[in-house]
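Please read the structure below before turning to the comments.
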Amino acid sequence: MNTLFIGQNKITLQTVDSTNNYAAKLIKMSFVPDGTVIMAQNQTEGRGQRSSEWISESGMNLLCSYILQPKSLTTEEAFYLSAAAALGAREAIESISNCQTARIKWPNDLILNDKKVGGILIENSVIKGSIKYGIIGIGVNVNQNEFNFQHATSIRNVTNRIVDTDSILNLLSEKLEKWYLLLIGKKYTEILEAYNNQLWRSDIENKIKLNGNSIIGTSLRVTPDGNLSFNSNGTRHNASFSEARISYE
Ligand code: BTN
(Lines give C-alpha, C1' and ligand atoms only; values in the text may rest on other atoms or scores of the structure.)
Protein backbone atom coordinates (compact mmCIF):
# COMPACT_ATOMS: atom_id res chain seq x y z
CA MET A 1 0.00 0.00 0.00
CA ASN A 2 1.26 3.38 -1.02
CA THR A 3 0.17 5.94 1.60
CA LEU A 4 1.84 8.43 3.90
CA PHE A 5 -0.32 7.69 6.93
CA ILE A 6 -3.86 6.62 6.09
CA GLY A 7 -4.29 2.93 6.88
CA GLN A 8 -0.72 2.53 8.13
CA ASN A 9 -1.92 1.73 11.64
CA LYS A 10 -4.40 -1.09 11.10
CA ILE A 11 -6.43 -2.98 13.69
CA THR A 12 -8.06 -6.18 12.46
CA LEU A 13 -10.92 -7.74 14.39
CA GLN A 14 -12.98 -10.87 13.87
CA THR A 15 -16.23 -9.69 15.48
CA VAL A 16 -17.14 -6.35 17.02
CA ASP A 17 -20.41 -4.54 17.78
CA SER A 18 -19.54 -1.78 15.29
CA THR A 19 -16.15 -0.61 14.02
CA ASN A 20 -17.37 2.98 14.61
CA ASN A 21 -18.07 2.16 18.28
CA TYR A 22 -14.66 0.52 18.60
CA ALA A 23 -13.00 3.62 17.10
CA ALA A 24 -14.87 5.91 19.53
CA LYS A 25 -13.70 3.83 22.51
CA LEU A 26 -10.13 3.79 21.23
CA ILE A 27 -10.03 7.57 20.99
CA LYS A 28 -11.21 7.88 24.60
CA MET A 29 -8.65 5.39 25.89
CA SER A 30 -5.38 6.36 24.26
CA PHE A 31 -3.45 8.36 21.68
CA VAL A 32 -4.41 7.19 18.20
CA PRO A 33 -2.25 7.95 15.14
CA ASP A 34 -4.01 9.96 12.40
CA GLY A 35 -5.32 7.63 9.71
CA THR A 36 -5.73 4.57 11.95
CA VAL A 37 -8.17 2.06 10.48
CA ILE A 38 -10.22 -0.59 12.24
CA MET A 39 -11.47 -3.43 10.09
CA ALA A 40 -13.78 -6.29 11.09
CA GLN A 41 -15.06 -9.45 9.47
CA ASN A 42 -18.34 -9.22 11.29
CA GLN A 43 -20.43 -6.63 13.16
CA THR A 44 -23.20 -7.53 15.61
CA GLU A 45 -24.61 -3.99 15.75
CA GLY A 46 -23.50 -2.40 12.48
CA ARG A 47 -25.05 1.02 12.09
CA GLY A 48 -26.11 3.02 9.05
CA GLN A 49 -27.39 6.53 8.45
CA ARG A 50 -30.74 7.76 9.75
CA SER A 51 -30.53 5.32 12.71
CA SER A 52 -30.71 2.29 10.39
CA GLU A 53 -28.91 -1.03 10.85
CA TRP A 54 -26.05 -2.05 8.57
CA ILE A 55 -26.40 -5.75 7.90
CA SER A 56 -23.56 -7.65 6.29
CA GLU A 57 -22.87 -11.40 5.93
CA SER A 58 -19.88 -12.33 8.07
CA GLY A 59 -16.54 -12.39 6.24
CA MET A 60 -18.02 -11.31 2.92
CA ASN A 61 -17.72 -7.54 2.87
CA LEU A 62 -15.55 -4.60 3.81
CA LEU A 63 -16.45 -3.13 7.21
CA CYS A 64 -14.06 -0.48 8.43
CA SER A 65 -13.68 2.81 10.27
CA TYR A 66 -10.92 5.36 9.77
CA ILE A 67 -9.95 7.75 12.54
CA LEU A 68 -8.96 11.11 11.06
CA GLN A 69 -7.73 14.22 12.84
CA PRO A 70 -8.20 17.09 10.41
CA LYS A 71 -6.90 19.72 12.92
CA SER A 72 -8.42 23.00 11.75
CA LEU A 73 -11.69 21.82 10.20
CA THR A 74 -14.69 23.65 11.68
CA THR A 75 -18.15 22.16 12.05
CA GLU A 76 -19.34 24.50 9.24
CA GLU A 77 -16.82 22.77 6.96
CA ALA A 78 -17.84 19.26 8.06
CA PHE A 79 -19.51 18.50 4.74
CA TYR A 80 -16.11 18.60 3.01
CA LEU A 81 -14.90 15.72 5.16
CA SER A 82 -17.95 13.73 4.16
CA ALA A 83 -17.47 14.68 0.49
CA ALA A 84 -13.74 13.78 0.56
CA ALA A 85 -14.57 10.37 2.08
CA ALA A 86 -17.27 9.70 -0.52
CA LEU A 87 -14.96 10.74 -3.38
CA GLY A 88 -12.17 8.47 -2.15
CA ALA A 89 -14.47 5.50 -1.64
CA ARG A 90 -16.11 6.06 -5.03
CA GLU A 91 -12.74 6.05 -6.77
CA ALA A 92 -11.62 2.88 -5.00
CA ILE A 93 -14.85 1.10 -5.93
CA GLU A 94 -14.67 2.19 -9.55
CA SER A 95 -11.09 1.07 -9.97
CA ILE A 96 -11.65 -2.35 -8.33
CA SER A 97 -14.73 -2.91 -10.50
CA ASN A 98 -12.99 -2.76 -13.87
CA CYS A 99 -14.10 0.84 -14.25
CA GLN A 100 -17.85 0.16 -14.14
CA THR A 101 -19.50 3.45 -13.29
CA ALA A 102 -19.47 4.36 -9.60
CA ARG A 103 -21.32 7.44 -8.34
CA ILE A 104 -22.29 9.15 -5.09
CA LYS A 105 -25.90 9.38 -4.02
CA TRP A 106 -26.39 12.40 -1.79
CA PRO A 107 -25.11 12.62 0.83
CA ASN A 108 -22.77 9.63 0.72
CA ASP A 109 -24.25 6.40 -0.52
CA LEU A 110 -21.93 4.62 -2.91
CA ILE A 111 -23.55 3.54 -6.15
CA LEU A 112 -22.24 0.99 -8.63
CA ASN A 113 -24.15 0.47 -11.87
CA ASP A 114 -27.18 2.26 -10.39
CA LYS A 115 -27.39 0.19 -7.20
CA LYS A 116 -26.15 0.77 -3.66
CA VAL A 117 -22.79 -0.96 -3.18
CA GLY A 118 -21.82 0.78 0.04
CA GLY A 119 -22.41 3.51 2.55
CA ILE A 120 -20.58 5.85 4.88
CA LEU A 121 -21.41 6.78 8.45
CA ILE A 122 -19.39 9.71 9.79
CA GLU A 123 -19.31 10.51 13.48
CA ASN A 124 -17.33 13.57 14.52
CA SER A 125 -16.10 14.54 17.94
CA VAL A 126 -16.08 18.31 18.20
CA ILE A 127 -14.15 20.59 20.54
CA LYS A 128 -14.83 24.35 20.51
CA GLY A 129 -16.37 24.30 17.04
CA SER A 130 -13.56 22.24 15.45
CA ILE A 131 -13.54 18.59 14.48
CA LYS A 132 -11.00 16.89 16.73
CA TYR A 133 -11.63 13.38 15.44
CA GLY A 134 -13.69 12.20 12.52
CA ILE A 135 -14.72 8.56 12.56
CA ILE A 136 -15.34 7.58 8.95
CA GLY A 137 -17.22 4.28 8.93
CA ILE A 138 -17.33 2.66 5.51
CA GLY A 139 -19.21 -0.46 4.50
CA VAL A 140 -18.74 -1.87 0.98
CA ASN A 141 -20.60 -4.92 -0.30
CA VAL A 142 -17.82 -6.99 -1.79
CA ASN A 143 -18.54 -10.73 -2.10
CA GLN A 144 -22.07 -11.04 -0.77
CA ASN A 145 -24.44 -11.86 -3.60
CA GLU A 146 -27.90 -11.77 -2.09
CA PHE A 147 -29.54 -8.84 -0.38
CA ASN A 148 -32.88 -8.09 1.27
CA PHE A 149 -32.85 -4.64 -0.29
CA GLN A 150 -33.69 -4.74 -4.02
CA HIS A 151 -31.55 -1.70 -4.80
CA ALA A 152 -28.37 -3.23 -3.32
CA THR A 153 -25.48 -4.82 -5.17
CA SER A 154 -21.90 -5.92 -4.55
CA ILE A 155 -18.62 -5.75 -6.41
CA ARG A 156 -18.90 -9.47 -7.06
CA ASN A 157 -22.41 -9.12 -8.50
CA VAL A 158 -21.16 -6.50 -10.94
CA THR A 159 -17.79 -7.99 -11.91
CA ASN A 160 -18.41 -11.73 -11.46
CA ARG A 161 -15.18 -11.88 -9.48
CA ILE A 162 -14.44 -12.70 -5.86
CA VAL A 163 -12.38 -9.84 -4.49
CA ASP A 164 -10.13 -9.92 -1.46
CA THR A 165 -11.32 -7.37 1.14
CA ASP A 166 -7.72 -6.53 2.16
CA SER A 167 -6.89 -5.36 -1.34
CA ILE A 168 -9.97 -3.12 -1.38
CA LEU A 169 -8.96 -1.71 2.00
CA ASN A 170 -5.50 -0.84 0.66
CA LEU A 171 -6.94 0.84 -2.39
CA LEU A 172 -9.47 2.67 -0.24
CA SER A 173 -6.69 3.98 2.03
CA GLU A 174 -4.79 5.31 -1.00
CA LYS A 175 -7.79 7.04 -2.54
CA LEU A 176 -8.98 8.44 0.79
CA GLU A 177 -5.56 9.88 1.43
CA LYS A 178 -5.59 11.67 -1.92
CA TRP A 179 -8.87 13.45 -1.07
CA TYR A 180 -7.99 13.93 2.60
CA LEU A 181 -4.80 15.77 1.64
CA LEU A 182 -6.87 18.12 -0.56
CA LEU A 183 -9.17 18.65 2.42
CA ILE A 184 -6.26 19.48 4.71
CA GLY A 185 -5.00 21.87 2.00
CA LYS A 186 -8.46 23.53 2.12
CA LYS A 187 -9.12 22.89 -1.56
CA TYR A 188 -12.84 23.13 -0.90
CA THR A 189 -13.91 24.39 -4.33
CA GLU A 190 -12.13 21.48 -6.00
CA ILE A 191 -13.72 18.98 -3.62
CA LEU A 192 -17.23 20.36 -4.09
CA GLU A 193 -16.88 20.47 -7.86
CA ALA A 194 -15.62 16.89 -7.99
CA TYR A 195 -18.42 15.80 -5.67
CA ASN A 196 -21.09 17.46 -7.84
CA ASN A 197 -19.55 15.87 -10.94
CA GLN A 198 -19.95 12.45 -9.38
CA LEU A 199 -23.48 12.94 -8.12
CA TRP A 200 -25.77 10.11 -9.17
CA ARG A 201 -28.76 11.06 -11.36
CA SER A 202 -28.01 14.76 -11.06
CA ASP A 203 -29.52 15.61 -14.43
CA ILE A 204 -32.54 13.35 -14.63
CA GLU A 205 -35.84 13.24 -12.78
CA ASN A 206 -35.66 11.93 -9.24
CA LYS A 207 -38.34 11.06 -6.74
CA ILE A 208 -37.49 13.09 -3.65
CA LYS A 209 -39.17 12.87 -0.28
CA LEU A 210 -39.25 16.42 1.03
CA ASN A 211 -40.64 16.86 4.55
CA GLY A 212 -42.81 13.76 4.07
CA ASN A 213 -44.13 14.69 0.59
CA SER A 214 -43.04 12.94 -2.61
CA ILE A 215 -42.01 15.35 -5.35
CA ILE A 216 -40.02 15.17 -8.59
CA GLY A 217 -36.66 16.94 -8.57
CA THR A 218 -34.16 17.68 -11.35
CA SER A 219 -30.79 19.47 -11.72
CA LEU A 220 -29.43 18.18 -8.43
CA ARG A 221 -26.50 20.06 -6.93
CA VAL A 222 -24.99 20.10 -3.49
CA THR A 223 -24.23 23.44 -1.81
CA PRO A 224 -21.09 24.20 0.28
CA ASP A 225 -22.99 23.46 3.50
CA GLY A 226 -23.91 20.00 2.19
CA ASN A 227 -27.56 20.76 1.46
CA LEU A 228 -29.30 19.38 -1.62
CA SER A 229 -30.44 21.98 -4.10
CA PHE A 230 -32.84 20.97 -6.91
CA ASN A 231 -35.63 22.17 -9.21
CA SER A 232 -39.18 21.06 -8.70
CA ASN A 233 -42.22 22.53 -10.43
CA GLY A 234 -40.36 25.67 -11.42
CA THR A 235 -39.01 26.31 -7.90
CA ARG A 236 -35.45 25.88 -6.70
CA HIS A 237 -35.42 24.05 -3.37
CA ASN A 238 -32.65 23.79 -0.83
CA ALA A 239 -33.00 20.98 1.68
CA SER A 240 -30.95 19.53 4.51
CA PHE A 241 -30.30 15.84 5.23
CA SER A 242 -33.13 15.74 7.79
CA GLU A 243 -35.60 17.31 5.32
CA ALA A 244 -34.94 15.44 2.09
CA ARG A 245 -34.12 11.98 0.84
CA ILE A 246 -33.70 10.81 -2.74
CA SER A 247 -35.56 7.63 -3.61
CA TYR A 248 -33.89 4.71 -5.42
CA GLU A 249 -36.95 4.27 -7.67
C1 BTN B 1 -25.35 3.89 5.32
O2 BTN B 1 -25.34 3.83 4.10
O3 BTN B 1 -26.41 3.93 5.96
C4 BTN B 1 -24.03 3.94 6.05
C5 BTN B 1 -23.50 2.57 6.33
C6 BTN B 1 -22.17 2.55 7.06
C7 BTN B 1 -21.77 1.16 7.45
C8 BTN B 1 -20.37 1.09 8.02
S9 BTN B 1 -19.81 -0.57 8.19
C10 BTN B 1 -18.44 -0.03 9.09
C11 BTN B 1 -18.90 1.08 10.00
N12 BTN B 1 -19.42 0.54 11.25
C13 BTN B 1 -20.73 0.75 11.39
O14 BTN B 1 -21.43 0.38 12.36
N15 BTN B 1 -21.20 1.42 10.33
C16 BTN B 1 -20.16 1.73 9.37
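The values are calculated or read from the model by the stated rules, or taken from the named source; none is laboratory data. Small disclaimer: the values here were computed from a predicted structure and weren't measured. SASA here: full protein model, heavy atoms, side chains in, ligands and nucleic acids out. Shrake-Rupley method; radii C 1.70, N 1.55, O 1.52, S 1.80 Å.
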Completion exercise
Mean shadow area (nm²) of the C-alpha convex hull around segment 70-150 is 5.9 nm²
Handout entry: Karplus (6.51, -1.76, 1.60) ³J(HN,Hα), θ = phi - 60°, over segment 102-119, in Hz, Gly and Pro reported as x
Key = 10, 9, 10, 9, 3, x, 8, 7, 9, 10, 10, 6, 6, 10, 6, 10, x, x
Handout entry: Column: log10 I(q)/I(0), Debye, Cα scatterers of segment 206-246, q = 0.16, 0.25, 0.29 Å⁻¹
Key = -0.31, -0.78, -1.05
Problem - Per residue accessible area in Å² of the chain, where ligands, DNA and RNA are left out and the probe is 1.4 Å - result: 46 Å²
Completion exercise
With all protein chains present, segment 10-197 has a carbon and sulfur share of its accessible area (1.4 Å probe) in percent of 49 percent
Fill in the blank from the handout: segment 10-197: relative contact order from alpha carbon pairs under 8 Å, six or more residues apart, as a whole percent, is 22 percent
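From the cross-link list LYS105/LYS186; LYS71/LYS207; LYS105/LYS175; LYS116/LYS175, which pairs have alpha carbons spaced over 29 Å apart?
Numbers: LYS105/LYS186 23 Å; LYS71/LYS207 38 Å; LYS105/LYS175 18 Å; LYS116/LYS175 19 Å.
Beyond 29 Å: LYS71/LYS207.
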Problem - Contact order relative to length of segment 206-246, as percent, for alpha carbon pairs under 8 angstrom and 6 or more apart - result: 39 percent
Fill in the blank from the handout: In whole percent, the fraction of accessible protein surface over segment 206-246 that belongs to carbon or sulfur atoms, probe radius 1.4 Å, stands at 44 percent
Exercise for the section: Bin all alpha-carbon pair distances of the chain at 10 Å intervals from 0 and give each bin's fraction as a whole percent. Expected result: 7, 32, 38, 20, 3, 0
